[in-house]
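Taking it in order: structure first as structure tokens, then the write-up.
The values are calculated or read from the model by the stated rules, or taken from the named source; none is laboratory data. Keep in mind that what you see is a predicted model, and the values were worked out from it rather than measured. Here the Cβ is made from the backbone with ideal geometry for all residues, glycine too, and neighbour counts use every protein chain on show. Remember, those area values only see protein heavy atoms, side chains included, never the ligands or the DNA or RNA. Shrake-Rupley method; radii C 1.70, N 1.55, O 1.52, S 1.80 Å.
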Amino acid sequence: MKQIFALLSGLIFGLGLIVSGMANPAKVLNFLDVFGTWDPSLAFVMGGAIAVTAPGFALLFRNRQTPLFDNTFRVPTRNDLEPKLLTGAAIFGIGWGLGGFCPGPALTALPVAATGTLIFVPFMLAGMWAARHTPNISPNANKGAA
Amino acid sequence: METEFTPWLSLGGGMMIGASAVLLMATNGRIAGISGLTAKIFTRSSDGEARGVSALFVLGLLLAAPLWLLVSGGWPQQWVPSSPVLMAVAGLLVGFGASYGNGCTSGHGVCGISRGSARSIVATVTFMATAFVTVFVMRHLIGA
């Protein structure tokens, strides 16, 4: 049952990205271009998503000890702001600004098979692989960070 | 090139994304973070069930556009403006940064902010800032 809902969640997520326009890099880049051809639409995507997720998660965690088809909620518990988080986010943002794709939209747009997408996705996977094989270079790296 | 401002469609699509995140948490107890789920598929050390669930979620993502084609008779409207070389560099940076920083737009931006996670709020502000600056530099300083 959990497998069916995982597939369904992915499908709804992908359709949401398509409906919202976020699977279109031109629209994402225009959102990021405040001083040019600005298209504020994506603020509404983020707003709509959080407006559902925040109360949804809150209700869920208040009313249930476990998920419906699993035995534990896997929610990150860390709250330290280590350099690795900031470095990763900063690098991610640069890539996002260069191509207009983040991972979800890129995978959703993959079957449309635009040349740029077909190039982006394998390089994204390579980047993920590289990150997992990069030692933590920050000074506090050995203080028990994951 | 200009794109049309679509507040209602974007709000509706965003709410679907939120519904998906709540559904995955309610049924599987997992964060709908695309970079994390994708990485899990390729990580041999993660347990089989986690890999399976992650793979099915990503399969659902991949099926969305074909389903859209089937129902509407056309692919979703899309344009990839950046050059192939730029897309390769962008892919590397996005993949590396998302994995190194433990999350992307979905994991930090949607799920993390919804949980009130300080890490996710800081990460989201950071990647938004570098993305805005990158586009400004590319479009208005370099003129690419």
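Data overview
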| item | result |
| --- | --- |
| Matching residues in the range A:8-49 - criterion: being surrounded by fewer than 18 Cβ atoms within 10 Å (Cβ to Cβ) and either facing chain B (nearest Cβ under 7 Å) or basic (Lys, Arg) (or both) | A:Leu8, A:Val34, A:Phe35, A:Gly36, A:Thr37, A:Pro40, A:Gly47 |
| Pair list, Cβ under 9 Å, 6 or more apart: the range B:61-73 residue without any contact (Cβ under 8 Å) to a residue 24 or more places away in the chain, other residue hydroxyl-bearing (Ser, Thr, Tyr) and surrounded by 14 or more Cβ atoms within 10 Å (Cβ to Cβ) | B:Leu62/A:Thr108; B:Ala64/A:Thr108; B:Ala65/A:Thr108 |
| The one condition in (1) within 24 Å of A:Ile94 (Cβ to Cβ); (2) at the interface with chain A (Cβ under 7 Å from one of its Cβ atoms); (3) without any contact (Cβ under 8 Å) to a residue 40 or more places away in the chain that B:Val53 fails to fulfil | (1) |
| Test set (1) surrounded by fewer than 22 Cβ atoms within 10 Å (Cβ to Cβ); (2) modelled with pLDDT of 95 or more - A:Pro83 fails condition number | (2) |
| Complete set of residues in the range B:110-128 that are at the interface with chain A (Cβ under 7 Å from one of its Cβ atoms), surrounded by fewer than 24 Cβ atoms within 10 Å (Cβ to Cβ) and under 25 Å from A:Ala126 (Cβ atoms) | B:Thr126, B:Met128 |
| Hey, A:Ala90 assigned to a helix (DSSP H, G or I), touching a Gly at 6+ places or on another chain (Cβ under 9 Å) and within 7 Å of chain B (Cβ to nearest Cβ) or not | yes |
| Unique residue being of a type in the set (S, T, N, Q), open to solvent by 20 Å² or more (accessible area, probe 1.4 Å), within 7 Å of another protein chain (Cβ to nearest Cβ) and under 22 Å from B:Leu56 (Cα atoms) when the list is A:Thr108, A:Thr72, A:Thr53 | A:Thr72 |
| Failed item in (1) facing another protein chain (nearest Cβ under 7 Å); (2) over 13 Å from B:Ile17 (Cα atoms); (3) part of a helix (DSSP H, G or I), with A:Arg62 passing the rest | (1) |
| Any helices (runs of 4 or more DSSP H) falling wholly within the range B:1-107 and containing at least 1 residues that are within 24 Å of B:Thr134 (Cβ to Cβ) and open to solvent by 50 Å² or more (accessible area, probe 1.4 Å) | B:84-100 |
